[in-house]
Amino acid sequence: MKCWLVLAIAVLGIGVSACSSNESTTELPAELQAFEERIEIRRIWRTRVGRASASERLRLGLAPSTDGTRIYAGSYDGQAAAFDAQTGQRRWVTQTNLSLSAGPAYGDEVLAFGTTDGDLIVLDAETGEELWRRAVGSEVLAPPAIGNNVVALRSVDGRLRGYSMSDGRELWSVVQTVPALTMRGNTAPSVAGTAVVTGFDNGRLGAYDLSSGDPLWEVTVAMPSGRTELERLVDVSAGLQVVGNDVFAVGYHGRAIGIALQTGVVLWQQELSSYSGLGVDLNGVYVTDEFSEVVALERGVGTPRWRQNALRLRDVTAPSAYRNMVVVGDFEGYLHWIDPTDGSFLARERVTSRPIAAAPLVVGTNLFAQAEDGTLAAYTVEIEEPEPETTEDTA
């Protein structure tokens, strides 16, 4: 039993351990090292949504979203709120009296949240007024997705469901088998045109028609192997990115993969294991692996470019592409700006002392991060303007 508990902690990214009959040894998270910062970070504002609660280490799917001018966020104690993206001024706040665990998703002027008790709740994004709620029968740990008058919801029972955005009617349901042992968390569905893409606990990734739920294609990202349930654990719970006509995903005990959105054809694959996720920019795919090391791959072919191991075991979030940089958060509330060309650190800022569980949100030239204690903060990079050229008058 002792060995199992240590291994369970390792799976959650808190440490990597080894058991014996006489002793146990634990690798501790990497200590942050000083470096010369090359860019200046300015905090624009900081506020809080909800109150600090016992949500730490629950690995909830709460993350801010935006309509471009407002930032929307929710807390485990049931509060949903909207803030001005530039000033942080609160526009509205709603108490749902639900244990919010995922979201909000924004689309078509509404917000959608999932809860630990298996509810889907939809609010008016302009006012915060509740429009409807539905019981879905299973905990929700991934933000929903909204598009074409459909709310797509992934729940921990292995189902992807589509609901009518206007009245909450269930339109369709896709079911995948759930293994005996899974990672806590689910892949957030992503709407791309008339399709919705998501991953499942059995290592499969699929695209489905948004109006009917009919499968368009399915691909295996991770295959079970090994003798024990732990060794055979596969899970696409790390999230995915749909960029243009491509889908990028990564699985635990699996691989990072690039797929053609329209056909499901695998464009490239690279052996890699992650439960935190990935980010994408014009040139690269950036993956936080199972040990919280950040790995850069060539976007077009998946070839590894560099690996940053200075954040090892710090429970690092999925990377976010921000301007010409990459940003991740960690379990001590730090944000780290990374140079995408070589993986070196550019800057570091601390949002709070509590963990940052979700990848930072990028809106224009600003970046937003939410910590597990409800702290929500906005940052930007100060760009030095070049001095104007001067000319000397000549006689």
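May I ask you to list the residues in the range 253-275 that are crowded, with 24+ Cβ neighbours inside 10 Å and aromatic (Phe, Trp, Tyr)? Correct list: Tyr275 only. Among the residues here, Ser292 does not qualify as assigned to a loop (DSSP other than H, G, I, E, B), farther than 17 Å from Pro29 by Cβ and not hydrophobic (A, V, I, L, M, F, W, C).
Is it the case, given these coordinates, that Thr303 is open to solvent by 10 Å² or more (accessible area, probe 1.4 Å) and polar (S, T, N, Q)? Against the criterion (open to solvent by 10 Å² or more (accessible area, probe 1.4 Å) and polar (S, T, N, Q)), Thr303 qualifies. Working only within the range 340-358, note down all residues that are more than 30 Å from Gly103 (Cβ to Cβ) and either assigned to a strand (DSSP E or B) or open to solvent by less than 30 Å² (accessible area, probe 1.4 Å) (or both). If the condition is that a residue be more than 30 Å from Gly103 (Cβ to Cβ) and either assigned to a strand (DSSP E or B) or open to solvent by less than 30 Å² (accessible area, probe 1.4 Å) (or both), then Gly343, Phe345, Leu346 are the ones that fit. Of the residues making up the range 314-330, just one is of a type outside the set (D, E, K, R), part of a loop (DSSP other than H, G, I, E, B) and surrounded by fewer than 22 Cβ atoms within 10 Å (Cβ to Cβ), namely Asn324. Among the criteria (1) in contact with a Ser or Thr (Cβ under 6 Å, 6 or more places away or on another chain); (2) free of Cβ contacts under 8 Å to residues at least 60 places away in the same chain; (3) open to solvent by 10 Å² or more (accessible area, probe 1.4 Å), the one Asn97 does not fulfil is (1).
Check whether at least one residue in the range 162-172 is charged (D, E, K, R), crowded, with 24+ Cβ neighbours inside 10 Å and assigned to a strand (DSSP E or B), and report yes or no. No: the range 162-172 contains no residue that is charged (D, E, K, R), crowded, with 24+ Cβ neighbours inside 10 Å and assigned to a strand (DSSP E or B). For beta carbons closer than 7 Å, sequence separation of 6+ or different chains, a first residue in the range 244-273 that is acidic (Asp, Glu) and a second that is open to solvent by 20 Å² or more (accessible area, probe 1.4 Å) and at pLDDT below 95, the qualifying pairs are Glu271/Arg255. Screening Ala105, Ala142 for residues that are modelled with pLDDT of 95 or more and within 19 Å of Gly162 (Cβ to Cβ) leaves exactly one candidate, Ala105.
The single condition among (1) of a type in the set (Lys, Arg); (2) on the phi > 0 side of the Ramachandran plot; (3) free of Cβ contacts under 8 Å to residues at least 40 places away in the same chain that Arg134 does not satisfy is (2).
Are any of the residues in the range 109-128 surrounded by fewer than 17 Cβ atoms within 10 Å (Cβ to Cβ) and in contact with a Gly (Cβ under 9 Å, 6 or more places away or on another chain)?
Checked against the condition, which is being surrounded by fewer than 17 Cβ atoms within 10 Å (Cβ to Cβ) and in contact with a Gly (Cβ under 9 Å, 6 or more places away or on another chain), the range 109-128 yields no hits at all.
Among the conditions (1) acidic (Asp, Glu); (2) under 22 Å from Ala30 (Cβ atoms); (3) within 16 Å of the chain's Cα centre (by Cα), the only one that Glu332 does not satisfy is (3). If you go through the range 16-47 and keep only what is modelled with pLDDT of 95 or more, under 24 Å from the mean Cα position of the chain (by Cα) and surrounded by 14 or more Cβ atoms within 10 Å (Cβ to Cβ), you end up with Pro29, Ala30, Leu32, Ile41, Ile44, Trp45, Arg46, Thr47. Of all residues in the range 191-212, which are modelled with pLDDT under 95 and either over 27 Å from Asn245 (Cβ atoms) or crowded, with 23+ Cβ neighbours inside 10 Å (or both)? Within the range 191-212, Thr198, Gly199, Phe200, Asp201, Gly203, Leu205 qualify. For the range 126-138, the condition of being within 21 Å of the chain's Cα centre (by Cα) and either within 15 Å of Gly78 (Cα to Cα) or at pLDDT below 95 (or both) holds for at least one residue. Would you call Tyr322 more than 18 Å from the chain's Cα centre (by Cα) and closer than 21 Å to Arg70 by Cα? Answer is no for this residue.
The values are calculated or read from the model by the stated rules, or taken from the named source; none is laboratory data. What you see is a predicted model; the values in this text were computed from it and never measured. With ideal geometry, Cβ positions are generated from the backbone for all residues, glycine too; neighbour counts draw on all protein chains shown. Accessible surface areas use protein heavy atoms only, side chains included; no ligands, DNA or RNA. Shrake-Rupley method; radii C 1.70, N 1.55, O 1.52, S 1.80 Å.
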